[in-house]
Structure formats: structure tokens, C-alpha cells
2 protein chains.
Amino acid sequence: MGVVPADRQRAEVTQGPRAGVVATRRRGDTLLEAIFDAVFDQLRTVGYANLTMDRVAAAAGTSKTVLYRRWATKEGMIADALRHRLPSPGDIPLTGDLRADVHALLRCVQASFSATRGTAFQLVSAEAGCGRPAIRQTIIDHVVEPCVELIGEVLRRAAERGEIRPEAASELVAASGPAMLVQYSLIREPVVPDEFVASVVDQIVLPLTTRSASAEHR
Amino acid sequence: MGVVPADRQRAEVTQGPRAGVVATRRRGDTLLEAIFDAVFDQLRTVGYANLTMDRVAAAAGTSKTVLYRRWATKEGMIADALRHRLPSPGDIPLTGDLRADVHALLRCVQASFSATRGTAFQLVSAEAGCGRPAIRQTIIDHVVEPCVELIGEVLRRAAERGEIRPEAASELVAASGPAMLVQYSLIREPVVPDEFVASVVDQIVLPLTTRSASAEHR
DNA sequence: TTCATAAGATACGAATCCGTATCCAATTCG
DNA sequence: CGAATTGGATACGGATTCGTATCTTATGAA
């Protein structure tokens, strides 16, 4: 369990009147970034179960005092790290092109994996038994449900335009893309490759929107 | 964190020559079942991160010595509990009826949730950073991959019979059903309802076997 | 330059957990 | 019935983590 302090991150060459002097301390956002980096690094290397305030402090090259000044609990700190790093589905520009929009939203789900070093869905069930699952809610509220809802909206508009069958504008179909990515991230590799995202769009989500070729299975 | 010892489980009325005498100790499989019950109960109530040998022993109404006689680690104990409780996809009789077989296999995935009190996929990422992820491999090897493979097999046979388009006999399509159930278990409720399984079969997997993305979306 | 603020270092007591050792005794089987 | 096996109880030392307190000092702004 090698904890590598981020010594190199602390020696910054400053600008301004004391230009050239190597700063020894970080402040504000710079420090926050280092702490969040350490959080995801620890999640990646030791997992949620073994992540401790002690270890995050060491990995960030700071002291526990600094962490406790900001957060009362490990869970609060992780939830903040997630809020800071997770992409915002609502920021995705939607164009009205069904394939492009579905693809863009799935890439947002994909981005939630890479932004958190592949640990996002590792954390969804981490807080079992916890009365207020802040981490779990952050992930679900911030990424999963908005993406499923936005995909649903994209499907509804496509149905209104007559591009897809009306029944395809369902929550099940909207959830199918994210479901494939979640499973891939959990079972295969934490970070989902671009090609997989594209094939989920083309071989799962879009086919579900087209009309039935036959009813022979019933 | 109320740990309720299973006192009631220990007073068994014995059969045989000492019939009627209330036994105070459990042995063999009876004891194992109690331990495994305690494991899943603890996973459900405090999560993997907070599950300890001390607590499992207390919840099972036994001593740590009994646990350490059988398992060197918490992970080994959990992996054994899973092997004992998880369903075996290979045991599912396949009939050649596409819908029935896909449904049966998805119900097997569903059973893995209920058999473990909804904790199966909570554990998939529990061992991040661990060199030999016994728990994760148990779940993936025991349920997920066999089910995806068997669904793939069912699809291939259906394609051979000319019931579905050949391109639908793909791993992506085979994985879509389990993906929907995994996501539901993680995001919604740990245990998947029957109706959801049925709608995944009818509204996701089966439609994927007959449809493809049409050219108009490009 | 001065001062307020926040970073960083360190120490500390309490609690928990782990893994082991030892012992007693319930249970089962020959 | 007696012996072997296994269940259960308990104690213990060591390690780790938590959360807090205290102090020094680097940093940035006025």
C-alpha cells in the first residue's frame, strides 16, 4: 500500500515580485485540486473501504488538519470531490440529431468514468447502511438520472418529429445506453473506450428506436 | 449499528436418542448457514467497507475463533458465502424458445440479487486495489459472464433457426439484458422486481434481435 | 512592511479491529 | 461410555485510524 506523497506538486515556481522563488505551500483551488487528485488516486489504488483521512492527507502532501478544516467526514470529502469532477449533462448542447445527441449524452456518462479515474460506479454502493448516502446520491443525481432523462427527452422529440416509433420514447430505452456503459465499467474496464460507446449507440439504442421488423416472437 | 446476535437460531430441538433436549451449539452446515446469513446481513446493513470479522461473529452468534478456523481473511469468507448462495446459470434448462430462455437466464441474474440480499453488485468493485480480487471474480465468473455467454448461445441458435437476424447474435445484444438488471439493482432497488425482468425481455432484448439501426439516422 | 489567514507539522488519547493463544465444554460417533 | 472433534468464550498485544489540540510559519493583500 504505497502512499506516494505528491512532493513534486508542491514546489511551484511563483510569478510576480518574488518571481523565481520556489513556493512551499499551496492555497485555495490549487490545494483543493491536489486533495481531489489524491482522493481519486486513493479510490483507484486502495478502494473506498481502505480510503482514510490519514492516507488522503499523505497522498496530497498535506496534513489532516487541512482536511478536517473543510470536511467533517470522509464521505463529505469524497462527495465534494465528485461534485467537482463529474461532468454536467445539462451542459451538453443538443442538436436535434438523434444519433448525435444520444452519442453526446453517452459520452457524458463515459466522461464520468474517466473524470473520476474509473471510480464513479465503484462508489454507488459504497455507503450501504448509511442513513444519508451523500456519495451515492451525488453520482445518481448528478450524472445517471439527468442523462437518462435527457436521452428520454431526445427520444420524445424524435418521436414527435416522426423519426422513431412513439413507444421507443420510454424510460427503459433511454436507460439502455447508460446501462451498457455502467456494466462495462463495472465488469470489464473502469474507463469505457470510445469505440464501445459508439457501438452501444449504433447497436443498442438506435435499433430500439426503429420499427419492428416482425411480431413472430409472440 | 445494532448487531443482533442470532440467539434464537441456536436453540434447536434435537431428534434422536436425546430427543427434546435443546441443543445450545450449532455444527457443520447449520453453523455455516448462520455465518453466511450474518455475512449478507452485515453487507446489507453496514456495507463491505465496515464489515469486520468481529461484527460477523457477533451477528452470527459465534466467536471469531470459529471464523478464523475456516477463513484467513474477510474476503475469503465473503467469497465462500457468495459461492454458496449464488445461482448457477449452467443449471438453467434451455428449451429452444427464445423468449423463455432469455427470460429464464435473466431471472437467474435477478436471483443473484435476491440470494445475496441485494449485495452482489455492491461487491463487484469492493476490492479495488486488491491484487487478487476473489470476491469480484466470484461474482463475474459465477453469474455475469456465464449468463451473458448463455444468452449469446441462445441467440446464436435462434439465428441458426432463422428466427432472428444473424447480426443480433452478438455479445452486445447478449449483454443488454444483464446490463439493465445490473443498473436497476445499483441505481434503483437492490432486488429487481419480476415485472422489470419481463419488460427488459420484451422491450429491450427481443426487439434487439429483430431490428437494426436504419439508415435514416445517419 | 505589517498583519490576518490559512497551510503544514506534530502530538495525543480513545476506540476499534485484527490475529493469536488458551481453555472449557458441547456434540457426535464408534 | 469414552474419545475426538469442533463450537464458543475470553484475553491479549500490536497496529491503525480518528478527531482534536497546539504551534509555527508561509502567503497574500492592504
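Read the figures in this text as sums done on the coordinates, not as results from a lab. From a predicted model like this one, the values you see are computed outputs, not experimental measurements. We place every Cβ from the backbone using ideal geometry, glycine too, and count neighbours over all the protein chains shown.
Brief remarks follow.
- Taking 1.002 mPa s as the viscosity and 20 °C as the temperature, the Stokes-Einstein diffusion coefficient of segment A:87-209 based on its alpha-carbon Kirkwood radius rounds to 146 µm²/s.
- Shortest-first distances to equivalent copies, position A:Ser63, nm, label 7 Å out along Cβ: 4.5
- Total charge dipole magnitude, segment B:88-211, about the Cα centre, Cβ charges on Lys, Arg, Asp, Glu only, Debye to nearest 20: 180 debye
- When B:Glu195 is represented by a point 7 angstrom out along its Cα-to-C-beta vector, the spacings to that point in the other copies are 4.1 nm, nearest first.
- The mean number of Cβ atoms from other chains found within 10 Å of a Cβ in peptide B:172-184 is 6, as a whole number.
- Amide H contacts under 5 Å for A:Thr116, placed H, 5+ residues apart: none
- Inter-copy separations for B:Ala134, label at 7 Å along Cα-Cβ, nm, ascending: 3.4
- Taking chain B and dividing mean pair separation by its residue count, relative contact order in percent (alpha carbons under 8 Å, at least six apart): 17 percent
- Three semi-axes describe the equivalent ellipsoid of segment A:150-210; taken as square roots of 5 times the Cα gyration tensor eigenvalues and ordered largest first, they are 24, 11, 8 Å.
- C-alpha long axis of helix B:171-183 to longest principal axis of chain B, angle in °: 40 degrees
- For A:Gly61, nonlocal amide neighbours, meaning residues 5 or more places apart or on other chains whose placed amide H falls under 5 Å from its own, are A:Ala6.
- Cross-link partners of A:Lys74 among lysines (Cα-Cα below 17 Å; sequence separation of 8 or more within a chain): A:Lys64
- Where chain B is rotated onto chain A, the residue of B whose Cβ comes nearest the axis, and that gap in whole Å, is B:Arg211, 1.
- Charge tally in the Cβ shell below 13 Å around A:Ser170, where Lys, Arg are +1 and Asp, Glu are -1, A:Ser170 excluded: -3
- Calculated log₁₀ intensity ratio I(q)/I(0) where the Debye formula runs over C-alpha points of segment B:21-84, q = 0.19, 0.20 Å⁻¹: -0.65, -0.71
- ³J(HN,Hα) computed for each position of segment A:116-124 - Karplus, 6.51 cos²θ - 1.76 cosθ + 1.60, integer Hz, glycine/proline x: 10, 6, x, 9, 3, 7, 5, 8, 4
- Both radii come from the Cα set of segment A:76-130: Rg as radius of gyration, Rh as Kirkwood radius; their ratio Rg/Rh reads 1.08.
- Fraction of the pair-distance distribution of segment A:108-179 above 20 Å, Cα-Cα pairs, percent: 41 percent
- Computed [θ] at 222 nm, helices only, for chain B once each DSSP H run of length n ≥ 4 contributes -39500 (n - 2.57): -15500 deg cm²/dmol
- Across every direction, the projection of the convex hull enclosing the Cα atoms of chain B has a mean area of 16.3 nm².
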